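Inspection log for the structure reproduced underneath, given as structure tokens.
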Amino acid sequence: MKRAIIRSGAAVFLIITLLCSCAQKPSVGSGKKEPVPEDTFVPSTLDGHAEKISDYTELEGKVTGVFSDTQPTDADAFEYSVSDAGVKIEKYTGSDVMVVIPSRIEDKAVIEISEGAFSDSDVRSVYIPDSVKKINIGAFSNMASLQLLRLPFIGDGAENTHIGYVFGAKTFESNAVNIPVSLETVIVGDMEDKVCEKAFWRAKSIDAIVLEGVKEIGKFAFYECDELSYIGLPDTLESVNDYAFSTCISLSKIELPQSVKSMGIGVFYLCKSLCEISIPIIGDGAENTHFGYIFGAEHVDWNEDFVPTALAYVKLTSPCAKIENKAFANCKNIVRVEFPDTLESIGIRAFVNCRSLESVTTPVGLKTVSDDAFFGCDNMQSLTIKGATKVGRQAFFGCDKLTEKNISDAATVDATAFDK
């Protein structure tokens, strides 16, 4: 009985308290109005863009055709053994700083490089021909002067698939310790179908990598390649997996070939210097259709938090045919987007609040600019719409600076498209 009385009393006290709090609540409109915070956003520009990608451009020119005019090093510069299977390079004994291993010696294919074959030498560049099928651990260990290495594959050509193996690293975790700090450029031949998971894990000194024939890049393949400024990708590449280039903090530009069909989450996670990207697909190429996905954003609402603030120029290439709803939502620092001729539609709110976007030029084949597509792009200054494009409701709402409009007579434009 006492417990029941106590409970009843507590309930009455709670009701009285709630009534009192309601009685004390001021009527609507009588409270103090808070001032609207001042808009402090400063639009990005392309000022200094060329300087930002200068390392990329310089390295691209440096690695293109680097071995095109070289001749094989004379066989007398090597100690080697010959078997029915082929030639095994035992030791480099020459004095040249640039070595091109011949593909054949004594009319037999050079198929193997021994452990320690180049150890402690002063060689600066080495070309390994496609005839080589096996490279033993530490074949290039302690090469303090090595700057350039061309390999037909990564690792030993079998189970060991990390770049550090040829320098003596037994696991990928030792890449950073064993790869010489002098090494700047690595070229991987077209015999390699896949850059395996963590292959270049923390290969911190390498600033240029060329992949000549791979189809797939594995997870974390280039994780924390701090100095990587240039990556050359082949037209054979089809998929790039999760976090493949994550934390490549020096990468300023990337060009993904039109052959790419799928990308994992966070491919370019924390690539904070990235200011230009060319891509044939948006998101993963399947269910995740927002731009931020390849930077680690699991949801479209996280675009703003994950897309690098340095990223100002996006080039969409063929076969991209559609930009889905909200694909670039809140990517506030993107200044320019270049569209491919294959583009047919731009989805609802696709570029909403892209507040740095300066101009838009659509391809002739574009059929639809959906409702609110460029809503809130308040720094847009010029617009060119080609062909018979249907422009939806409030497609350019709030584009207050849009003074230059070149719209095809064949286009159908909603009456509210340019409302302010």
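The values are calculated or read from the model by the stated rules, or taken from the named source; none is laboratory data. Please read all numbers here as calculations on a predicted model, not as lab measurements. When we count neighbours, we look across all protein chains shown, and the Cβ atoms used for this are built from the backbone with ideal geometry, even at glycine. In case anyone asks, the SASA skips ligands and DNA or RNA and just uses the protein heavy atoms, side chains included. Shrake-Rupley method; radii C 1.70, N 1.55, O 1.52, S 1.80 Å.
Report the FRET efficiency, 1/(1 + (r/R0)^6), for VAL97 and VAL181, where r is their Cβ-Cβ distance and R0 is 25 Å, rounded to 0.05. Please list the in-between numbers first.
Values: r = 17 Å, r/R0 = 0.70.
It comes to 0.90.
Could you do me a favour and compute the accessible area per residue for the chain, 1.4 Å probe, result in Å²? Spell out each step's value before the answer.
Numbers: 20350 Å² over 420 residues.
Per residue, the chain has an accessible area of 48 Å².
Enter the mean projected area of the convex hull around the alpha-carbon atoms of the stretch 147-204, in nm², rounded to one decimal. The partial results should precede the final answer.
Values: hull surface 13.9 nm².
Directional mean of the projected Cα hull area for the stretch 147-204 stands at 3.5 nm².
Whenever you get a sec, compute what percent of the accessible area on the stretch 254-330 sits on carbon and sulfur atoms (1.4 Å probe). Write out the running numbers ahead of the final one.
Values: 1300 of 2880 Å².
Looking at the stretch 254-330 in its full context, I get 45 percent from C and S.
Per the 1.4 Å probe, what fraction of the accessible area of the stretch 70-122, in percent, lies on carbon and sulfur atoms? Spell out each step's value before the answer.
Numbers: 1180 of 2870 Å².
For the stretch 70-122, the apolar C and S fraction of the accessible surface comes to 41 percent.
Going by amide H atoms built from the backbone, whose H comes under 5 Å of the H on PHE78, apart from near neighbours?
Under 5 Å from the amide H of PHE78: THR93.
Measure off 7 Å from each Cα along the Cα-to-Cβ vector at ALA77 and GLU255, then give the distance between these two points in nanometres to one decimal.
Simple spin-label model gives 3.2 nm for this pair.
Please list the non-local residues whose amide H lies under 5 Å from the amide H of ASN379, H modeled 1.01 Å from N, same-chain partners needing a gap of 5 or more.
Close amide H contacts, sequence-distant or interchain: LEU357.
Is there a pair in LYS332/LYS401; LYS62/LYS315; LYS133/LYS194; LYS88/LYS134; LYS62/LYS253; LYS52/LYS253 whose C-alpha atoms are over 18 Å apart, and which pairs would that be?
Numbers: LYS332/LYS401 16 Å; LYS62/LYS315 24 Å; LYS133/LYS194 16 Å; LYS88/LYS134 9 Å; LYS62/LYS253 16 Å; LYS52/LYS253 9 Å.
Pairs exceeding 18 Å: LYS62/LYS315.
List the aspartates and glutamates whose Cα sits under 17 Å from the Cα of LYS261, skipping any in the same chain fewer than 8 residues away.
ASP193, GLU216, ASP235, GLU238, ASP242, ASP284, GLU287, GLU324
Take the eigenvalues of the Cα gyration tensor for the stretch 97-189, scale each by 5, and report the square roots as semi-axes in whole Å, largest first.
Details: eigenvalues 77, 47, 24 Å².
With the √(5λ) rule applied to the stretch 97-189, the semi-axes are 20, 15, 11 Å.
Going 7 Å from the Cα of LYS390 toward and past its Cβ, which residues in the stretch 324-349 have a backbone nitrogen under 11 Å from where you end up?
Zone members listed by number: none at all.
Give me the angle, in degrees from 0 to 90, between the Cα long axis of helix 54-63 and the longest principal axis of the Cα atoms of the chain, rounded to the nearest 10.
The angle comes out at about 30 degrees.
Averaging sequence separations of C-alpha pairs under 8 Å and six or more residues apart, then dividing by the length of the stretch 124-199, give the relative contact order as a whole percent. Walk me through the numbers on the way to the answer.
Working: 148 pairs, mean separation 26.1, N = 76.
Contact order relative to length: 34 percent.
Once you have a ≥ b ≥ c as the square roots of the Cα gyration tensor eigenvalues for the stretch 297-416, tell me rounded if a/c is under 1.5, and otherwise prolate or oblate according to whether a/b is larger than b/c. Kindly include the intermediate steps, with their values, before the conclusion.
Details: a/c = 1.61, a/b = 1.35, b/c = 1.20.
Here the stretch 297-416 falls in the prolate category.
Can you tell me the convex hull volume per residue for the stretch 190-291, based on C-alpha atoms, in Å³ to the nearest whole number?
Values: hull volume 7.8 nm³, N = 102.
About 76 Å³ per residue, rounded to a whole number.
How charged is the neighbourhood of ASN175? Take every other residue with its Cβ under 9 Å from the Cβ of ASN175, and add Lys/Arg as +1 and Asp/Glu as -1. Numbers along the way, then the final one.
Details: positive: LYS198, ARG202, LYS204; negative: GLU173.
Net local charge, ASN175 excluded: +2.
Compute a Gaussian network model of the chain, connecting alpha carbons closer than 10 Å, and tell me which residue from ASP84, ASP130, ASP76 fluctuates the most.
Comparing ASP84, ASP130, ASP76 in the GNM, the peak value goes to ASP84.
Residue by residue through the stretch 158-171, which ³J(HN,Hα) values in whole Hz follow from phi under the Karplus form 6.51 cos²θ - 1.76 cosθ + 1.60 (θ = phi - 60°), with glycine and proline marked x?
Whole-Hz 3J(HN,Hα) from phi for the stretch 158-171: 9, 7, 8, 10, 10, 4, x, 4, 6, 9, x, 7, 6, 9.
Take peptides 232-245, 56-69, 215-228 and line them up by average Cβ neighbours within 10 Å, highest first, as a rough protection proxy. Please report the intermediate quantities before stating the final value.
Values: 232-245: 19.1, 56-69: 13.7, 215-228: 21.5.
The most tightly packed comes first, giving 215-228, 232-245, 56-69.
State the Cα centre-to-centre distance between the stretch 99-168 and the stretch 228-274 in whole Å.
Here the answer is 26 Å between Cα centres.
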